[in-house]
Amino acid sequence: MRFIKMLSFAKKEEQYSNLSNKDIASQIPSKAQERSVFPTIEENVEFIKEVFGDGIGIVNKELSINKNKNRISLIYIESLTDKKIVSSQIIEPILKEDIATHFNHADLPDVLITSVIISPKTKITEQMKEVFSGLMRGSTIIFVNGTKKALIVESREIQNRPIEKPETEVTSLGSLDSLTEDIHTNCNLVSKRLPTPDLRIKKFSVGRLSQ
């Protein structure tokens, strides 16, 4: 049974590895493709977790800004996202910056993207399909409570060393990337090849001594 599942997984890998950036959106469930961003962060986070499930490693962090007058939520996929970028280019500037309070609440996403967040590759969207596409590419999503807008901040993790071709297993079809000794890197590779909410990753320890 395990072997059959592996064959099925391999066929999915071949299917998704040839997708262009535009094709990634087609893998998003129809209810997400047709959905706009919700006005509350709770609705947005719940909807994303409902589609992805619990097995892919969704991380959600809520922050209060402007002396607790506004709430925002950061959400990303752990195996695809560089936590250093999230910390230094997103969270630290937001918490450090004394955001002016004279603007309308609806303008807060624009203020964050133009005056606070350091990352140069950031955009605003009102469509859930773009939110899901960004998540599956390793971006960090920021929801601002009380607005129907989301910020997509590019934060994909770059591997510490180049991924080499496998020397013992040669194939003329499919990926030429080989897995490494680091489980986080392997999860990143698999998630990159299978940019779909159907993917599930479960972590557990094996071995009585080696753990």
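The values are calculated or read from the model by the stated rules, or taken from the named source; none is laboratory data. A quick note: this is a predicted structure, and the numbers were derived from the prediction, not measured. Here the Cβ is made from the backbone with ideal geometry for all residues, glycine too, and neighbour counts use every protein chain on show. With ligands, DNA and RNA removed, areas are computed over all heavy atoms of the protein, side chains included. Shrake-Rupley method; radii C 1.70, N 1.55, O 1.52, S 1.80 Å.
Checked against the criterion of being under 21 Å from K129 (Cβ atoms), over 17 Å from the mean Cα position of the chain (by Cα), modelled with pLDDT of 90 or more and open to solvent by less than 50 Å² (accessible area, probe 1.4 Å), the candidates F38, F47 yield just one match: F38.
Taken together, the residues in segment 122-140 that are over 21 Å from V190 (Cβ atoms) and surrounded by 23 or more Cβ atoms within 10 Å (Cβ to Cβ) amount to 2. State whether the residues of segment 126-134 include one that is farther than 21 Å from P39 by Cα and at pLDDT below 90. The answer is no, given that none of the residues of segment 126-134 is farther than 21 Å from P39 by Cα and at pLDDT below 90. Restrict the check to segment 78-86 and report whether at least one residue is at pLDDT 90 or above, surrounded by 12 or more Cβ atoms within 10 Å (Cβ to Cβ) and basic (K, R). Yes, segment 78-86 contains at least one residue that is at pLDDT 90 or above, surrounded by 12 or more Cβ atoms within 10 Å (Cβ to Cβ) and basic (K, R). Looking only at residues in segment 51-65 that are charged (D, E, K, R) and within 15 Å of the chain's Cα centre (by Cα), which one is least open to solvent (accessible area, probe 1.4 Å)? Looking at residues that are charged (D, E, K, R) and within 15 Å of the chain's Cα centre (by Cα), I get K61.
The rows are residues; the columns are (1) under 17 Å from the mean Cα position of the chain (by Cα); (2) touching a residue at least 24 places away in the same chain (Cβ under 8 Å).
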{"position": "K69", "(1), (2)": "no, yes"}
{"position": "D82", "(1), (2)": "yes, yes"}
{"position": "L95", "(1), (2)": "no, yes"}
{"position": "V111", "(1), (2)": "no, no"}
{"position": "V116", "(1), (2)": "no, no"}
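Please find, within segment 141-160, the residue that is farthest from the chain's Cα centre (by Cα) out of those that are at pLDDT below 85 and open to solvent by 100 Å² or more (accessible area, probe 1.4 Å). Going through the qualifying residues, I end up with N160.
Candidates S73, S115, S79, S88: the one that is touching a helix residue (DSSP H, G or I) at 6+ places or on another chain (Cβ under 9 Å), among the small types (G, A, S) and more than 21 Å from I41 (Cα to Cα) is S79. Filter segment 185-208 down to the residues that are in contact (Cβ under 8 Å) with a residue 60 or more places away in the chain, among the basic types (K, R) and in a loop (DSSP other than H, G, I, E, B), then identify the one that is surrounded by the fewest Cβ atoms within 10 Å (Cβ to Cβ). Result: K202.
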